[in-house]
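The values are calculated or read from the model by the stated rules, or taken from the named source; none is laboratory data. The structure displayed is predicted, hence computed values, not measured ones. Every residue, glycine among them, receives a Cβ derived from its backbone with ideal geometry; neighbour counts consider all protein chains shown.
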Amino acid sequence: MNPDSSPPSPSPGRPGRIPRRRIHRAIFVVAGIYNIAWGLYAAFDPQWLFRFAGMPLANHPPIFASLGMVVGLYGILYFEVARVPERGWLLAAVGLAGKILGPIGLFVLLWQGTWPPATIVLCLTNDFIWWIPFALYLRDSWPFFRRSLAES
């Protein structure tokens, strides 16, 4: 391997440690707790969003309950990122992708007039508030992910 093409040292001051490690760990613990709590709530009360937004109740509430299950499972993955932040880039990237794609889907529903504006609450708490902390984590953890790719 050419020395000039090797990935940069992950953290000049502390080799092997991600920058802002304590902050990233705390954020992903909070994200894990939040996602599991939201997922459980959605599973136990799958009609909450429809009532909140003044929409007709869903004909098939298990679909929304299943969404809650998926969101809750993301919480477990966020705990893994918090446990070893140096190895969580891919998990967090998938999480951020979902947090970007979800609002795009909601925007389409709003644009088409299928869902009312009150449903944006779904993206305020599940998506938008996590964009900056997840993006910062991805930037800080990128050298670790890049190095793992080079080693495999």
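Total residues in the range 96-124 satisfying the condition of being in contact with a Leu (Cβ under 7 Å, 6 or more places away or on another chain) and under 29 Å from P19 (Cα atoms): the figure is 2. Being in contact with a helix residue (DSSP H, G or I) (Cβ under 8 Å, 6 or more places away or on another chain), at pLDDT 95 or above and under 30 Å from S152 (Cα atoms) holds for only one residue in R17, R21, and it is R21. Residues that are among the small types (G, A, S) and in a helix (DSSP H, G or I) were ranked within the range 45-67; the one that is farthest from T119 (Cα to Cα) is S66.
Here's the yes/no breakdown for (1) in contact (Cβ under 8 Å) with a residue 60 or more places away in the chain; (2) surrounded by 14 or more Cβ atoms within 10 Å (Cβ to Cβ); (3) among the polar types (S, T, N, Q):
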residue: A43; (1), (2), (3): no, yes, no
residue: M55; (1), (2), (3): yes, yes, no
residue: L77; (1), (2), (3): no, yes, no
residue: D127; (1), (2), (3): no, yes, no
residue: Y137; (1), (2), (3): yes, yes, no
residue: S141; (1), (2), (3): yes, yes, yes
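Of R17, R22, which residue is more than 16 Å from the chain's Cα centre (by Cα), part of a helix (DSSP H, G or I) and basic (K, R)?
After applying the criteria, what remains is R22.
On the given criteria, is I63 within 21 Å of the chain's Cα centre (by Cα), closer than 30 Å to R17 by Cα and without any contact (Cβ under 8 Å) to a residue 24 or more places away in the chain? In short, no. Evaluation of I33 against the conditions (1) more than 17 Å from D127 (Cβ to Cβ); (2) part of a helix (DSSP H, G or I); (3) touching a residue at least 24 places away in the same chain (Cβ under 8 Å) shows that the sole unmet condition is (1). Looking only at the range 102-125, count how many residues are loosely packed, with under 12 Cβ neighbours inside 10 Å and either aromatic (F, W, Y) or more than 20 Å from the chain's Cα centre (by Cα) (or both). Qualifying residue count for the region: 6.
For the range 107-125, name all the residues that are free of Cβ contacts under 8 Å to residues at least 24 places away in the same chain and among the β-branched types (V, I, T). Those that are free of Cβ contacts under 8 Å to residues at least 24 places away in the same chain and among the β-branched types (V, I, T): V108, T114, I120.
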